[in-house]
Amino acid sequence: MVEGIAAAAAPRLARRLWASPVWRKNLGAAGGLVAVIILFSVLLGATRGISFADLGNLETIFRQTTIVAFAALGMTIVIVAGGIDLSVGAIIALATVVIAACLRAGAPPAAAALAGIATGVGCGALNGFLVTRLRVVPFIVTLGTMLVVRGIAKGIARDQKIDGPKSWLTELLARLPADREWMVFPAGVWLLFLFAAAVGGLLLYTRLGRHVFAVGSNEEAARLCGVPVARVKRAVYVLGGLFAGVAGLMQFSRLTVGDPTGAIGLELNVIAAVVIGGGSLAGGQGSVLGCLIGALTMQVIQSGCSQMGWPNWVQEIVTGAIIVAAVALDRFRHRGTA
Amino acid sequence: MKRVTAWIIAVLALAAGTGCKKKTTDAIAVIPKGTTHEFWKSVHAGAEKAAQELGVKIIWKGPLREDDREDQIKVVENFINMHVKGIVLAPLDDTALVPVVTDAINARIPVVAFDSGIKTDDTVSFVATDNARGGKLAGDHLAKLLGGKGKVMMLRYAEGSASTAERERGFLEAIAAHPDIEVVSHNQYGGVTTESAFKVSENLLTAHKGPGGLTVQGIFCPNESTAFAMLRALEDNGFAGKVRFIGFDSSPKMVDAMAKGHMDATVVQDPIKMGYLAVKAMVDHLQGKPVDKRVDTGATLIARDAMTSPEAQALLNPDFKRWLKE
């Protein structure tokens, strides 16, 4: 009898979860991710006899995705609000330089990390200020700050990389030592999950989150409804900068050096991650889960192509084609349901 | 319907994930700093030559974005997960690549560093040009051209670049053996771009200009970009050919300049030999043979008058197409 109820309840629960918009919306993107994983599992299994979806490899892929994924959390908020931030790669580079310079000056690791993140927040605040005060479109504003921030990074570093002394910061995204394998992922990846949940909650359940969607969907309507549009936009770019700063911290953890020439063009990967995950550059659409799936998809393609031993030009063509195909399929699906 | 497809996909994914047994990949990974420069094409050719002669398989894979440290780290990580037999790496950074090289060695995958050094002692070998010797060759030749007396200057490359700093040191040591040669400038850095090096070159030439032309008789530049920039500055100001000028590395434009007499010599590395010896060091190590911790791949000075010899031509125009089947 009890079993019978449980048996009847289980599908109902499954159906309820299934019906939840969070999953439904990301079905297409998730299917794409699974498809590329299967594709490379089959290809690699058949041609090289190695398994792609084994735990060690998946752990590596998560570690490799973390930098783009952190930046994509911020970019999701910016894109949902109808904006764009091209300065993300430069902010990441500047953050690594600031962290390395602070460590070198003898600052404790935690302070250096905070300084790096604060740098990101500062850059984001500058973007927000320029976008709202000058009334120049964000594409142009952040195109400009991209160069400004990159220049500052090179200036601070005097056109070279800065070696940082060894500290626990470099362990945030390092392969786990044997005695800590029970953690499955290093701390940086867990931080990503934590922040992703926080941003998801922020977008779906807080007033700011709803305002972000309102501004992105129809700015004029939002203004007429009393949404403080300028303030929302400033908050959005500050958050974008914050997560770019955290991504910079993760980048430093991977490189162990401050690299002013690093992360060039990374903003495009970040934007692609958001868009593959269902974000719309017209604003008003996008989700945290989607952007994580998008970031993972891109890294799976990169790792898969790399392990297949394909030359880089093949890899670039494949990545480009998959981005366009993924987004086109998603739009097609939406047209079908609407 | 959609649900059914989703389930099929999930099951397939699991099957694909667990179906294959973990095996090592029967290949040696060779990772350059980039893949588009001619220098790396030649290294690739050398590695391919070694693979064919020694009967091993190599996978040639550079960072997706040229000269991007993060991308190179990812490439190494992917090869670790593939359990390749060995990794032959030209590290983009002597520090940033250390953690991932340590990961490889912990996974019992030996690593040979080539072209540039890395700050760890755990690599099997370091296969690269002896840059100090290359600089010394340039210094000796310049002294010979000047008859052991005169004023010379050197335009440095960039601060913190280890290979060029070695060349600069070798050059200055060779010149120091000639008491009648005075080094009038050796503290200017051209920087990483040809453009910045061009500006610095012009400033240097202006600073050493007298009423009847240049007051220096000899110039040395430690790499391709500084040598090319200096060459352009000399040509623009009409000094080309009136001063003894030695560069490092080669490019079609530098070969032209040598033919025209605008340049007197250049020191070239042997990238094909570098790729060959790097792979050979790894193969020797895997077969249990002893391998030297440091392997010199040679630097050769090519003077103007000897540039048409077959040996010089092989170095100036490496025949990489033969091995890459392009």
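Observations on the structure shown:
- Some residue of the range A:171-182 being in a helix (DSSP H, G or I) and buried (at least 17 other Cβ atoms within 10 Å of the Cβ): yes
- Entry remark, the range B:271-290: residues being farther than 13 Å from B:Ala51 by Cα, more than 14 Å from the chain's Cα centre (by Cα) and not basic (Lys, Arg) number 5 in total.
- Meets criteria (within 14 Å of another protein chain (Cβ to nearest Cβ), touching a residue at least 40 places away in the same chain (Cβ under 8 Å) and not polar (S, T, N, Q)) for A:Val97: yes
- Against the test of being more than 14 Å from chain A (Cβ to nearest Cβ) and either charged (D, E, K, R) or buried (at least 17 other Cβ atoms within 10 Å of the Cβ) (or both), the options B:Ser196, B:Ser201, B:Ser185 yield a single qualifying residue, B:Ser201.
- Residue under evaluation A:Ala46, criteria (1) at pLDDT below 90; (2) touching a Leu at 6+ places or on another chain (Cβ under 9 Å); (3) surrounded by fewer than 20 Cβ atoms within 10 Å (Cβ to Cβ), criterion not met: (2)
- Restricting the range A:85-111 to residues that are among the hydrophobic types (A, V, I, L, M, F, W, C) and surrounded by fewer than 24 Cβ atoms within 10 Å (Cβ to Cβ) leaves a set whose member that is nearest to A:Lys154 (Cα to Cα) is A:Ala101.
- Residues (among the aromatic types (Phe, Trp, Tyr) and within 30 Å of A:Val229 (Cα to Cα)) located in the range A:41-80: A:Phe70
- Qualifying positions in the range B:47-64 - farther than 17 Å from A:Val300 by Cα and within 7 Å of chain A (Cβ to nearest Cβ): B:Ile59, B:Gly62
- Among the residues examined, B:Thr123 does not qualify as more than 14 Å from every other protein chain (Cβ to nearest Cβ), in contact (Cβ under 8 Å) with a residue 40 or more places away in the chain, under 28 Å from B:Val101 (Cα atoms) and crowded, with 17+ Cβ neighbours inside 10 Å.
- Some residue of the range A:266-287 being of a type outside the set (Val, Ile, Thr) and farther than 23 Å from A:Thr142 by Cβ: no
- Residue, surrounded by the fewest Cβ atoms within 10 Å (Cβ to Cβ), within the range A:280-313, restricted to residues that are over 17 Å from the mean Cα position of the chain (by Cα) and either aromatic (Phe, Trp, Tyr) or at pLDDT 95 or above (or both): A:Trp313
- Test: B:Gly148 is more than 23 Å from B:Ala229 (Cα to Cα) and either away from every other protein chain (no Cβ under 12 Å) or not in a loop (DSSP other than H, G, I, E, B) (or both): yes
- Of the residues making up the range B:77-104, those that are more than 10 Å from chain A (Cβ to nearest Cβ) and under 16 Å from B:Gly117 (Cβ atoms) are B:Ile87, B:Val88, B:Leu89, B:Ala90, B:Pro91, B:Val101.
- Scanning the range B:35-44 for residues that are surrounded by fewer than 23 Cβ atoms within 10 Å (Cβ to Cβ) and away from every other protein chain (no Cβ under 11 Å) returns B:His37, B:Glu38, B:Phe39, B:Trp40, B:Lys41.
- Odd one out for B:Ser196, checked against (1) out of contact with any strand residue (DSSP E or B) (no Cβ under 8 Å at 6 or more places or on another chain); (2) under 23 Å from B:Thr300 (Cβ atoms): (2)
- Of all residues making up the range A:30-79, the number that are assigned to a loop (DSSP other than H, G, I, E, B) and either touching a Cys at 6+ places or on another chain (Cβ under 6 Å) or at the interface with another protein chain (Cβ under 7 Å from one of its Cβ atoms) (or both): 6
- Elements of type helices (runs of 4 or more DSSP H) in the range A:196-287, at least 1 residues being within 14 Å of another protein chain (Cβ to nearest Cβ): A:229-255, A:266-276
- Condition check for B:Asp284: surrounded by fewer than 23 Cβ atoms within 10 Å (Cβ to Cβ), in contact (Cβ under 8 Å) with a residue 60 or more places away in the chain and on the phi < 0 side of the Ramachandran plot: no
The values are calculated or read from the model by the stated rules, or taken from the named source; none is laboratory data. Given the structure is predicted, the values throughout are model-derived calculations rather than measurements. Glycine gets a Cβ as well: all are built from the backbone with ideal geometry, and neighbour counts include every protein chain shown.
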